[in-house]
Amino acid sequence: MEYNDFIVEIATTDFESVKAAVAGGADRIELCANLGEGGTTQSYGVIQKVREHFDVPIYPIIRVRGGDFLYTEAEFDCMLADAINCKNLDCDGVVTGFLKANGTIDTERTARVVEAVYPLGVTFHRAFDRCREPLEALEQIIKTGCERILTSGQQATAMEGSQLIRQLRQQADGRIRIMPGSGVRANNVKQLVEITGCHEFHSSLREMIPSKMHYTVPAFENDRETVQHSGINPAAVAAFKKALHY
């Protein structure tokens, strides 16, 4: 495999983290808010400004809240509207996923989003890792028209789930892309390539960045959210991409 064969998708949380990820060489951006909750939809304004300023593919996550992936009809309506907003803002795709109460894929809702945003691409996210019968679910997601599945192989990390990821890629046989994510870093991505045979990889590469505030109210001097925030170091993205170079 050649270096240029691989796609590195970086999960970002705001304009500045997108800027840093792009500077480091990210090939695609999954734009989220609240990564601590697994990612929710960013504001219209952030999506708009990111789209205006960066040329890399932008895929906002479409998720109304954290928690499970079983949504009420009102929640789904909100998500469908957000997906259409992303299409109107000329994003390249969206990231979403829906389950039924019994753990199967909600193919109807997934297909409705795919249809609503066409010709944008749709990634089915790690709701897949909470579904039952993953090999059957793979076939169902293919039929909805999604272009890829983000998965950790139904384990806490992609390395732990690498054997299932390999099996999914083999069964998919080019009909849909399988993208490992969760715990994917520069020190293990090459091994994941060798085990899974995948060509696209997802990582957040988050780290805590000190605040540039010169003043902090004494009562909050030890409050983490006051003195630092989550961000991305462009050098970490560059190192991740370099690690894929054989």
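The values are calculated or read from the model by the stated rules, or taken from the named source; none is laboratory data. These figures come from a predicted structure and were not determined experimentally. Note that we place each Cβ from the backbone using ideal geometry, even for glycine, and neighbour counts take in every protein chain shown. In case anyone asks, the SASA skips ligands and DNA or RNA and just uses the protein heavy atoms, side chains included. Shrake-Rupley method; radii C 1.70, N 1.55, O 1.52, S 1.80 Å.
Out of the residues in the range 211-246 that are assigned to a strand (DSSP E or B) and either under 22 Å from residue 58 (Cβ atoms) or modelled with pLDDT of 90 or more (or both), state the one that is most open to solvent (accessible area, probe 1.4 Å).
For the range 211-246, the residue satisfying everything is 229.
Of 245, 229, 199, which residue is touching a residue at least 60 places away in the same chain (Cβ under 8 Å) and either of a type in the set (Gly, Ala, Ser) or touching a strand residue (DSSP E or B) at 6+ places or on another chain (Cβ under 8 Å) (or both)?
On inspection, the qualifying residue turns out to be 199.
What's the number of the only condition in (1) within 18 Å of residue 204 (Cβ to Cβ); (2) touching an Asp or Glu at 6+ places or on another chain (Cβ under 8 Å); (3) charged (D, E, K, R) that residue 126 fails to meet?
(2)
Suppose we keep only residues that are at pLDDT 95 or above and of a type in the set (D, E, K, R) within the range 1-48. Which one would you say is surrounded by the fewest Cβ atoms within 10 Å (Cβ to Cβ)?
Going through the qualifying residues, I end up with 16.
Does residue 51 meet the test of being open to solvent by 20 Å² or more (accessible area, probe 1.4 Å), among the basic types (Lys, Arg) and touching a residue at least 40 places away in the same chain (Cβ under 8 Å)?
In short, yes.
With (1) more than 20 Å from residue 201 (Cα to Cα); (2) among the basic types (Lys, Arg); (3) open to solvent by 30 Å² or more (accessible area, probe 1.4 Å) as the list, and residue 63 as the residue in question, which single condition is left unmet?
(3)
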